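The values are calculated or read from the model by the stated rules, or taken from the named source; none is laboratory data. Fair warning: this is a prediction, and the values are worked out from it, not measured in the lab. With ideal geometry, Cβ positions are generated from the backbone for all residues, glycine too; neighbour counts draw on all protein chains shown. All accessible areas refer to the heavy atoms of the entire protein, side chains included, with ligands and DNA or RNA removed. Shrake-Rupley method; radii C 1.70, N 1.55, O 1.52, S 1.80 Å.
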Amino acid sequence: MNTGFGAMGRVAVIIAIVVAAVWALNARAQMRIDPKRGETIAKTWCVNCHLVSEGQAAPASADAPPFASLSEAEGYDDERIRAFLRQPHGAMEGFNPDEKQINDLIAYIRTQNP
């Protein structure tokens, strides 16, 4: 039975399907909340004021709570942290995180335990 595709046409279709599957899997993986990406954000933007990890020298601001205390402090639920991060503050002027970055950062904060 002739389907109208030669051998090269079938190979092209298979390659297109594989490329689409890989792209879809990659897009899905990027949608996952990732505390490692949150750590990168914290060490880029938050480290100037907050103690973001063990072994870090003291934060620049005594007014900025360490991430470990945010992890378990009453009243610092995910929604409160999310609302705070949506507003420019302190040395983070110019940091306008999208929802993915906010979720990754919150996930990283939650890995920090006192």
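The residues neighbouring residue 112, those whose beta-carbon lies less than 10 Å from its own, together hold a net charge of -2 under the Lys/Arg +1, Asp/Glu -1 convention.
Taking the accessible area of the range 48-88, probe 1.4 Å, and keeping the other protein chains in place, the carbon and sulfur fraction comes to 51%. For residue 53, neighbours were defined as the other residues whose beta-carbon sits under 14 Å from its Cβ, and their charges (Lys and Arg +1, Asp and Glu -1) total +1. The residues packed around residue 82, meaning those with a beta-carbon under 15 Å from its beta-carbon, carry a net charge of -2 if Lys and Arg are +1 and Asp and Glu are -1.
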